[in-house]
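The values are calculated or read from the model by the stated rules, or taken from the named source; none is laboratory data. Because the structure is a prediction, the values reported are computed rather than measured. Glycine also receives a Cβ, built like all others from the backbone with ideal geometry; neighbour counts cover every protein chain displayed. These area figures cover heavy atoms from the full protein model, side chains too; ligands, DNA and RNA do not enter into them. Shrake-Rupley method; radii C 1.70, N 1.55, O 1.52, S 1.80 Å.
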Amino acid sequence: MRGVFNPQLWDPGIKEFLGQRGAFNADDIIRIIFEQEQAARFIATKIYRTFVYDVPNPDIVEQLAQILRSNNFELRPMLEVLLTSEHFFDQQLRGAVIKSPIDFMVGMCRQLNFTQLPLSYGVERMAKLTLELLFPPTVEGWKGHHLWINTNTYPLRERIAEYFIEGKRNDNFQNFPAAPDVRAFAQSFESSSSARDFVRDVARFLLPLEPGQKTQQYLLDALLLGAPEYKWSLSMPNVELRICSLLKAIMTLPEYQPL
Amino acid sequence: MKRREFLERSAQGLALTSLATGLGSIRMKALAMSPTLRALERLTSASDRVFVLIQLTGGNDGLNTIIPVENPLYYQARPTLAIPKQQTLPLTSTLGWHPSLRGFRELFADGRLAIVQNVTYPNPDRSHFRGTDIWLTATDSDVFKSSGWVGRFLETLAPSFPEQLPDEPLAVQIGTTLSLSLQGNRGSLGITFRDPESFYALVDQRSGSSLYDDAPQTLGGSELEFVRTVERASQIYSQAVKRAADRQKTNAVTYPSDNPLAQSLRIVARLIAGGLTTKFYLVSIDGNIFDTHINQGALTGIHPQLLQQLGDAVKLFLDDCRALGIGERVVGMTFSEFGRRVMENGSRGTDHGTAAPLFVFGERVLGGQILGRDPDLSNLDSRGDLLMEFDYRQVYAAALLQWFAAPMTTLQSVLFREFSPLPLFQQPSAVEPWEDAALVQSLSITPNPCTSRAVLSFGLLEPTRVTLTILDSNGRRVSAFDAGDFPSGTSTITIPAEQLASGT
């Protein structure tokens, strides 16, 4: 998108903006905005809240803002520092961000290596989860975080995930052209021959926080569906049903909602 | 201040307006009442009462809602948008209703609507999200809170939230995104859904989530706890909501399908009539649609259509409640983040302003009155916007104190300081514990307040003789009678109330 300067609509007089005076045009206004310390802090804060945690750490944010300023507001250097930092990988912060509807829908596709999600379905489901793509509710954007999860959207996320695993839409329209290849997904795990290890590894892959004992047992039961543990293997009958059952169990846990 | 003193004072305040005859509130003192009743007291005295919040998003133009028909400044400021006097519906000699508000006018005429003029707050914010946050969190314009006034109030009624969830949701929002107003300090006291049937169908009713491992003691862990609470709430409350909806499958009036606000209120009426014990309902006209910067419309167009939607919906809702027998339990208010500017802009619209009227509705409202002066168009603020007469928190204070009988300490923790409540609601009745009490185990009275009679239910620890003393709100004895001997366990007494004056 390019702006066009129309000299006939421009007031060439002296203006005062954020403490500076001059015959400013649009480029000057933008320059002055970026000269404010708060500008870099604002951007850094948004990035922090998107990737790390809803409550920004002021010291970290200031450091990020500094990197932004010294790189002429190029985002890449700042992002590189943030996403490779010890702070980012701190155990305290694992699972501290709640998936936005985009993280949720696109994330499911990526985790299962699925590329055939009908786009209109994806966009419409995200809207039902209160994110209308490219249409923020106010100029502030989306407040997100806890607002993504309520008694209206949480059950809906569970149902969308359940249907998704089987390649179905949960609004009763035509299904996806194909279903996620759950067998290929399972085969990508080395431990797929041991039921218990398999459950543990799949959960580790799909969830930010490793589930506890009770939950692991619940997931194991979901995989075995009554069969004895020693009989588990990828060549057992109805194995896809079992893998789907495990995936549904994992993706309807509350643990699946944090990032 | 002791609670009884407080109630007496508010009774005197309410003497300003005339109350319909034949309506009475009963305050009872049982001769032998256990100390544990103190906790029940709050809940019983306000037990049946419901408050409905209607949010008009975007900033409703108050000046074209209630029009100062005799003020030439109004007509000068709005060459294309001003409503001609003869097109308005008469309200007073100097004010007229926008013609689309027939519904409100009828409610006002039969005492079920009150108007509060010139409502805003000091140093008002003219931005949508900041302005809205302020109204929802009940703060001053320079204070930022992440909890809402309704959430904070409801937390005082559910002290062990969220470890223990109340059996039924304390607040319900018909919609999709949970409002900040319902957020407490420890989680949201409200739930949101579109309609009871789809809510129930959506939630996985199997209780697999009853086995939770401990969450780690990290920030991620507390986020997990939050999601778990929502999961539990979804399960419990979808069932509770469905039960209520099943008990009341129909409404008593027909709500037009092309009125979204009416459709939301229709659900609310069903749930209340179906026995859901939810205290607050929040519905809204969404999408910032009242933000009429361009082509607002005077007699036809966006704003008139919105006003019609609002007036019709509230009128139908109150008529429905009356027909369903719940009319006396329900009141509500409209609110919007700000009014709009006096002068119209160059696009046949209006821009963000400040003070505006709001409406309080319900059978138990001190209706048919206008609080405040006509909008003063010759004394505006430095930007040419209307000046404040009442702080919006005075309306909230009235709701909490008069409608829900909240004690002053609650009011101060919810609104952070004292606000003088406007006389808007009929007084609640109170169940006062007696000093020396031992034998009464439980006490409740319904309907509360009452018209023709009330039924007092109580449980006794052992057989005893029961005497009832009826006092008015000033503590004067109205009547007393010996109700006879009662066995231990639960019994009821029916008290005729026709002869009692209002405020008893």
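Note on the stretch B:88-104: among residues that are in contact with a Gly (Cβ under 8 Å, 6 or more places away or on another chain) and of a type outside the set (Phe, Trp, Tyr), the one that is farthest from the other protein chains (Cβ to nearest Cβ) is B:90.
As a summary of the residue check, residue B:257 satisfies the conditions (1) under 22 Å from residue B:362 (Cβ atoms); (2) of a type in the set (Gly, Ala, Ser); (3) surrounded by fewer than 18 Cβ atoms within 10 Å (Cβ to Cβ) except for the one numbered (1).
How many residues does the stretch B:175-186 contain that are facing chain A (nearest Cβ under 9 Å) and either open to solvent by 10 Å² or more (accessible area, probe 1.4 Å) or in a strand (DSSP E or B) (or both)?
Residues meeting the conditions: 5.
Would you confirm whether any residue within the stretch B:235-254 is of a type in the set (Gly, Ala, Ser), touching a Phe, Trp or Tyr at 6+ places or on another chain (Cβ under 7 Å) and away from every other protein chain (no Cβ under 14 Å)? No, the stretch B:235-254 contains no residue that is of a type in the set (Gly, Ala, Ser), touching a Phe, Trp or Tyr at 6+ places or on another chain (Cβ under 7 Å) and away from every other protein chain (no Cβ under 14 Å).
Tell me yes or no: at least one residue of the stretch B:164-174 is under 22 Å from residue B:275 (Cα atoms) and open to solvent by 40 Å² or more (accessible area, probe 1.4 Å). Within the stretch B:164-174 (the criterion being under 22 Å from residue B:275 (Cα atoms) and open to solvent by 40 Å² or more (accessible area, probe 1.4 Å)), the answer is yes, since at least one residue qualifies.
Condition first: over 23 Å from residue B:386 (Cα atoms) and open to solvent by less than 20 Å² (accessible area, probe 1.4 Å). Now tell me which residues in the stretch B:138-161 satisfy that.
Of everything in the stretch B:138-161, those that are over 23 Å from residue B:386 (Cα atoms) and open to solvent by less than 20 Å² (accessible area, probe 1.4 Å) turn out to be B:147, B:148, B:149, B:150, B:151, B:152, B:153, B:154, B:158, B:161.
Look at (1) assigned to a helix (DSSP H, G or I); (2) over 30 Å from residue B:215 (Cα atoms); (3) of a type in the set (D, E, K, R) and you find that residue A:21 fails only one, number (1). Taking the stretch A:128-139 as the search range and keeping residues that are in contact (Cβ under 8 Å) with a residue 24 or more places away in the chain and open to solvent by 40 Å² or more (accessible area, probe 1.4 Å), which one is nearest to the other protein chains (Cβ to nearest Cβ)? Within the stretch A:128-139, the match that is nearest to the other protein chains (Cβ to nearest Cβ) is A:128.
State whether the residues of the stretch A:249-258 include one that is more than 12 Å from chain B (Cβ to nearest Cβ), in contact (Cβ under 8 Å) with a residue 12 or more places away in the chain, among the hydrophobic types (A, V, I, L, M, F, W, C) and not in a helix (DSSP H, G or I). Looking for residues that are more than 12 Å from chain B (Cβ to nearest Cβ), in contact (Cβ under 8 Å) with a residue 12 or more places away in the chain, among the hydrophobic types (A, V, I, L, M, F, W, C) and not in a helix (DSSP H, G or I), one finds none in the stretch A:249-258, hence no.
For the stretch B:111-124, the tally of residues that are over 19 Å from the mean Cα position of the chain (by Cα) and either surrounded by 24 or more Cβ atoms within 10 Å (Cβ to Cβ) or aromatic (Phe, Trp, Tyr) (or both) stands at 1.
Residues of the stretch B:66-110 that are under 27 Å from the mean Cα position of the chain (by Cα), buried (at least 19 other Cβ atoms within 10 Å of the Cβ) and β-branched (Val, Ile, Thr): B:66, B:67. Across the stretch A:235-248, the number of residues qualifying as within 14 Å of chain B (Cβ to nearest Cβ) and open to solvent by less than 10 Å² (accessible area, probe 1.4 Å) comes to 1. What is the one condition in (1) in contact with a strand residue (DSSP E or B) (Cβ under 7 Å, 6 or more places away or on another chain); (2) more than 9 Å from chain A (Cβ to nearest Cβ); (3) among the β-branched types (Val, Ile, Thr) that residue B:192 does not satisfy? Of (1) in contact with a strand residue (DSSP E or B) (Cβ under 7 Å, 6 or more places away or on another chain); (2) more than 9 Å from chain A (Cβ to nearest Cβ); (3) among the β-branched types (Val, Ile, Thr), only one is false for residue B:192: (2).
Within the stretch B:351-377, residues that are farther than 15 Å from residue B:314 by Cβ have Cβ atoms under 8 Å from residues that are open to solvent by less than 10 Å² (accessible area, probe 1.4 Å) and basic (Lys, Arg) in these pairs: B:351/B:340; B:352/B:340; B:353/B:340; B:356/B:340, counting only partners at least 6 apart in sequence or on another chain. Scanning the stretch B:287-295 for residues that are in a loop (DSSP other than H, G, I, E, B), open to solvent by 10 Å² or more (accessible area, probe 1.4 Å), touching a residue at least 24 places away in the same chain (Cβ under 8 Å) and away from chain A (no Cβ under 14 Å) turns up at least one hit.
The single condition among (1) without any contact (Cβ under 8 Å) to a residue 40 or more places away in the chain; (2) outside any helix (DSSP H, G or I); (3) within 13 Å of another protein chain (Cβ to nearest Cβ) that residue A:92 does not meet is (2). For the stretch A:147-181, filtered to residues that are buried (at least 18 other Cβ atoms within 10 Å of the Cβ) and hydrophobic (A, V, I, L, M, F, W, C), the residue that is farthest from residue A:127 (Cα to Cα) is A:165.
Of the candidates A:195, A:184, A:227, A:203, the single residue that is buried (at least 18 other Cβ atoms within 10 Å of the Cβ), away from chain B (no Cβ under 14 Å) and among the aliphatic types (A, V, I, L, M) is A:195.
Just to be sure, is residue B:278 open to solvent by 70 Å² or more (accessible area, probe 1.4 Å) and assigned to a loop (DSSP other than H, G, I, E, B)?
It is false that residue B:278 is open to solvent by 70 Å² or more (accessible area, probe 1.4 Å) and assigned to a loop (DSSP other than H, G, I, E, B).
Does residue A:50 qualify as being of a type in the set (S, T, N, Q) and open to solvent by 50 Å² or more (accessible area, probe 1.4 Å)? So residue A:50 fits the description; yes. For the stretch B:209-227, filtered to residues that are more than 7 Å from chain A (Cβ to nearest Cβ) and in a helix (DSSP H, G or I), the residue that is modelled with the lowest pLDDT is B:209.
Quick one: would you say residue A:69 is loosely packed, with under 15 Cβ neighbours inside 10 Å, of a type in the set (Lys, Arg) and part of a helix (DSSP H, G or I)? Here the answer is no, as residue A:69 does not meet what is asked. Note on the stretch B:102-152: residues that are assigned to a helix (DSSP H, G or I), aromatic (Phe, Trp, Tyr) and in contact (Cβ under 8 Å) with a residue 24 or more places away in the chain total 4. Applying the set (1) farther than 26 Å from residue B:204 by Cα; (2) hydrophobic (A, V, I, L, M, F, W, C); (3) more than 10 Å from chain B (Cβ to nearest Cβ) to residue A:142 leaves exactly one unmet item: (3).
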